[in-house]
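The values are calculated or read from the model by the stated rules, or taken from the named source; none is laboratory data. Small disclaimer: the values here were computed from a predicted structure and weren't measured. Cβ atoms come from the backbone with ideal geometry, glycine included; neighbour counts cover every protein chain shown.
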Amino acid sequence: MEPFYITTQEPLVTGTSNLDMFLDRPFRLDNGLILFCRNGSAEIEIDLKKHKVSPNAEVVILPATILSINHLSKDFQVTYIAFSKALMDEVSFRLEAPFFGFLKDHPVCTHDDRMRIELVNELINMITLVYRDSRNMFRTPILKNLLQCFFLNMYDKTQRFFTRQQKKGHDRSEELFHAFISLVQKHCIQQKDVSFYADELCISPRYLSVITRKVTNESAKEIIDKHITLEIKVLLQSTEMTIQEISNRLNFPNQSYLARYFKRHTGKSPVDYRDKKSNANPISLSNTL
């Protein structure tokens, strides 16, 4: 089930939603996503990191990110703008790489300055209005320009933070930790051993766990297992792949091994997890068209 309907012909869509479809249902987003909270509150997870969302919070989720929601208030509502990775690449070519590192680490920003809130509102409203104007022969290039304006404005408002971070620099352990997380997100489907990641970082497995415990109070193995478990949940929830197919996809020896692994980390069998989520009430997004 794809929650945002991005196509080559329609690389950007906008609408409103309470995001119930992500409630305790991790989903990998191949597209980029901007959320602007209008009402209510939520606790969300972006690549296993928890964030609070409240009115006027701006959430920017980069492509290839796993999103899930742990809690929603009954009145929660966001305006969303979803866009393809190709479109993201087009509109962000002027922006420096550290900006996207900053967004990865700080995807949620709650505005308290009236001018900033009004500016973000205006940009989102303009994107929404142009999206609705489906007969506009210049609709796609206008949307590209407005999306670029959105990111340029965000770059302007945040660059002092990530440039300060660049000047200050991370200590060695923080740099290694961030490199480790990037490697896990890239390779955990095929590589489950701590030794692989330690070798990639040119450090010992024991030292890698010392680093991860310093930053997160978790061992390197625990972090790897969390990411693998999340990948299993995504495939169980958002695809119709059989347990055997998921086992093959994630490089487990067999279906039984995957089932034992998943139950050890979640308390549920893969079948029970899938059945429980499938029986939950389906929620749809409300499109602004």
**OP:** Scan 212, 216 and give me the residue that is crowded, with 18+ Cβ neighbours inside 10 Å, in the same structural domain as residue 179 (by TED's automatic domain parsing), among the hydroxyl-bearing types (Ser, Thr, Tyr) and under 21 Å from residue 105 (Cα atoms).
**Re:** 212
**OP:** Scan region 96-115 residue by residue and report those that are buried (at least 16 other Cβ atoms within 10 Å of the Cβ) and more than 23 Å from residue 185 (Cα to Cα).
**Re:** 109, 111
**OP:** Report those strands (runs of 3 or more DSSP E) wholly inside region 27-144 carrying at least 2 residues which are modelled with pLDDT of 90 or more, of a type outside the set (Lys, Arg) and outside the structural domain of residue 240 (by TED's automatic domain parsing).
**Re:** 32-39, 42-46, 49-53, 57-61, 65-72, 77-83
**OP:** Collect the residues in region 173-205 that are of a type in the set (Lys, Arg) and either surrounded by 17 or more Cβ atoms within 10 Å (Cβ to Cβ) or more than 13 Å from residue 250 (Cα to Cα) (or both), keeping them in residue-number order.
**Re:** 192
**OP:** With the condition kept exactly as written, say whether any residue in region 28-35 is over 25 Å from residue 227 (Cα atoms) and crowded, with 16+ Cβ neighbours inside 10 Å.
**Re:** no
**OP:** Take region 206-228 and flag every residue that is under 23 Å from residue 254 (Cα atoms) and of a type in the set (A, V, I, L, M).
**Re:** 223, 224, 228
Subject >> Selected residue (criterion: surrounded by the most Cβ atoms within 10 Å (Cβ to Cβ)) from residues of region 1-26 that are assigned to a loop (DSSP other than H, G, I, E, B) and among the polar types (S, T, N, Q) >> reply: 18
